[in-house]
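A short write-up of the structure that comes next.
The values are calculated or read from the model by the stated rules, or taken from the named source; none is laboratory data. None of these values were measured; they are calculated from a predicted model. With ideal geometry, Cβ positions are generated from the backbone for all residues, glycine too; neighbour counts draw on all protein chains shown. Calculation scope for accessible area: heavy atoms of the full protein, side chains included, ligands and nucleic acids excluded. Shrake-Rupley method; radii C 1.70, N 1.55, O 1.52, S 1.80 Å.
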Amino acid sequence: GTMKGDGKGRRQGPVLELEEELGAWQELVENCSTFWQGVRFAVTPHATLMVFLTCILTLACSKAVLDFSFDTSMGIVAVGTVFPLVFSVQSGFARRERALGELAGLKASAITVYLMFKTWEKEATGKWAAEAEQLIGRVLDDIEWYLRTSKRNENTGNAVYDSFSHLATKMAEFAPAAGFARPGDGGMSRMSQYLRTMMQNFEGVRAIRDSETPVGLRLFCFALIHSAPIMLAPYWNHFCQEDKVKTEDILGTTIELSGRFGCQAGYYMAVAYTLIVVALYRVQVELEDPFDGNGADDIKWEIWRAQLDQLGNYGADGPEKRAENSRRAAALRGQ
């Protein structure tokens, strides 16, 4: 956006320029791209293997091989398989939303603590703010490492509280520079409250990270999606019972030809059902760990750290500082 004045010499904020709506052709291309991404998400090597095994077992139960089929209530089967998967997906999504809320509170408190260091210093040297920025960055690095690594242990958690302790010590040293006799006076006690909030948010997101969806339900879903499509192979052949064609042999005898090696309806139902349950299971697995940053629905750490990694570039001269940093970055990329 561009900066505009109000006619009295005062500078107003940037004017946001909204993007134009997509044309019909661009919207069609975007929808086709979204559809293709959905197909790629559903048709994975895992799903392909499950479809292959299901079709092989369906063929084995066909009339020409084992001649084994049965009819059952698909409603019971669908509810018994899809409901646990949907419940697990909902549970994983709720965990992700709670984690995002805790991280948002942590980010807000961290920025507030930095601004207190920056604006409360009496001599306005900027020294305290620069030191606080480094300490806050260290806290955030340790928190991100704890949440993202798969090798969590007591030491990774201790490192986070070591960083919190360094920040608390810096707050105590900052009290005289802010005009307070003791760390517990007036505004310094409020700064300590924000530090407490940061710790509370960390413990909140840590509890989410260290706990998982019910183990029994996860194991049940895993066993279910790998066994149900295959065990239902005789049921898929049930759809071929009505797929009969009357014809005559060379002697003129009327015979019935049913789907000897299965039929289109049976294989279609087998493939569709398998793809559905495997795709739901993949969604559940990716939502199980929203911290590693590998899935499309995971926490976007680079977005979360975007403002926290440049705390010194905010204020009245913030736009100029960020523009200068952008020019330097562009110059480095051009070398």
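Using a 1.4 Å probe and counting only protein heavy atoms, arrange HIS166, HIS238 so the residue with the most accessible area comes first.
HIS166, HIS238
If Lys and Arg each add +1 and Asp and Glu each add -1, what is the summed charge of the other residues whose beta carbon sits under 15 Å from the beta carbon of ASN313? Let's see the in-between values first.
Values: positive: LYS118, ARG305, LYS321, ARG322, ARG327, ARG328; negative: GLU133, ASP309, ASP317, GLU320, GLU324.
Within the 15 Å Cβ shell, the charges total +1.
What length, rounded to one decimal in nm, is gained on full extension from LEU100 through to TRP145, with 0.36 nm per residue of separation minus their alpha-carbon distance?
Computed gain between LEU100 and TRP145 is 14.6 nm.
Output wanted: per-residue J couplings in Hz (rounded whole) for segment 210-217, from phi through Karplus 6.51 cos²θ - 1.76 cosθ + 1.60, θ = phi - 60°, x for Gly and Pro.
7, 9, 10, 4, x, 4, x, 5
Considering amide H positions built from the backbone, and no H for Pro or chain starts, which residues 5 or more places from GLY262, or on another chain, come under 5 Å of its amide H?
LYS63, ALA64
Taking P(r) over Cα pairs in 10 Å bins from 0, in percent straight from the coordinates, which label in (1) 5, 24, 32, 24, 11, 3, 0; (2) 5, 21, 29, 25, 14, 5, 1, 0; (3) 5, 16, 18, 19, 15, 11, 7, 5, 2, 1, 0, 0 is the correct one?
Recomputing P(r) over Cα pairs in 10 Å bins from 0, in percent here gives the entry labelled (3).
Excluding ligands and nucleic acids, what accessible area in Å² is computed for ILE136 using a 1.4 Å probe, to the nearest 10?
0
For PHE83 and THR44, compute 0.36 nm times the residue count separating them, minus their Cα-Cα distance, and round to one decimal in nm.
Taking PHE83 through THR44 to full extension adds about 11.8 nm, to one decimal.
Would you calculate, for the chain, the mean residue ellipticity at 222 nm contributed by helices, counting each DSSP H stretch of 4 or more residues as -39,500 (n - 2.57) and dividing by all residues, to the nearest 500?
-22500 deg cm²/dmol, from helical runs alone.
So if each residue of separation counts as 0.36 nm, and I subtract the Cα-Cα distance between ARG152 and ALA306, what length gain in nm does that give?
53.0 nm
Per residue, how much accessible area does the chain show when a 1.4 Å probe rolls over the protein heavy atoms, in square angstrom? Can you show the working numbers first?
On the way: 20240 Å² over 335 residues.
Value returned for the chain: 60 Å² of accessible area per residue.
By the 4.7 Å beta carbon criterion, which cysteine residues of the chain come out unpaired?
Unpaired cysteines in the chain: CYS32, CYS55, CYS61, CYS221.
Take a quick pass over the chain and tell me how many lysine pairs come in under 21 angstrom between Cα atoms, counting only ones 8 or more apart or on separate chains.
So the count works out to 13.
Considering only ARG182, ARG95, ARG148, give the residue with the highest GNM mean-square fluctuation for the chain, with springs between Cα atoms whenever their separation is below 10 Å.
Top of the fluctuation ranking is ARG182.
Got a number for the accessible area of ASP309? Probe 1.4 Å, square angstrom, nearest 10.
Its accessible surface works out to 100 Å², give or take rounding.
Would you mind telling me the share, in percent, of accessible area of the chain contributed by carbon and sulfur at probe 1.4 angstrom?
Ligands and nucleic acids excluded, carbon and sulfur reach 59 percent.
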